[in-house]
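Structure first, then comments.
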Amino acid sequence: GLGFNIVGGTDQQYIANDNSIYVSWIKKDGAAYLDGRLQEGDKILAINGKDLKDLRHKDAVELFRNAGYYVSLKIQRRLQPQNGPVAHRGDGESGGLPLAAILVPGLALAATAVWILLRYRQRM
């Protein structure tokens, strides 16, 4: 397998009022663990281009089981809580880099690494 478990779905919401699929556990020495980019708590938006929105848990599990040798994941990183008070800027600007400027390259790298790892394992 891919080396991780998922939770969530329309019938087994992991977070109240959220039908999304999340990574609940990463197997030590599994493909996802060895790659190092997927983290517990990450939201999986799509697998091999198939949107996971509004799926039952068992249907999402089936997509992962039938993903094949070349797997592409689109994820949304879980935001880490910050210690201390939350700053607020009154000018309406958030400052810093847009989240997409960080996530998009990271997701592309993660998908490429999983593809390479799975292809390498196939040849073994």
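Just a few scattered comments:
- Remark: the Gln12-Ser24 segment gains 3.0 nm on full extension, using 0.36 nm per residue and subtracting the alpha carbon distance.
- A Stokes-Einstein calculation at 20 °C with viscosity 1.002 mPa s, built on the Kirkwood radius of segment 4-76 over Cα pairs, returns a diffusion coefficient of 174 µm²/s.
- Point-charge dipole on Cβ atoms (K/R +1, D/E -1) for segment 4-76, about Cα centre, debye to 20: 120 debye
- Cα→Cβ-extended label distance, 7 Å offset, between Tyr33 and Arg56, nm: 3.2 nm
No value in this document is a laboratory result; all are computed from the given coordinates. Here the structure is a predicted model, which means the values were calculated and not measured. Counting neighbours? That spans all protein chains shown, and the Cβs are built from the backbone with ideal geometry, glycine included.
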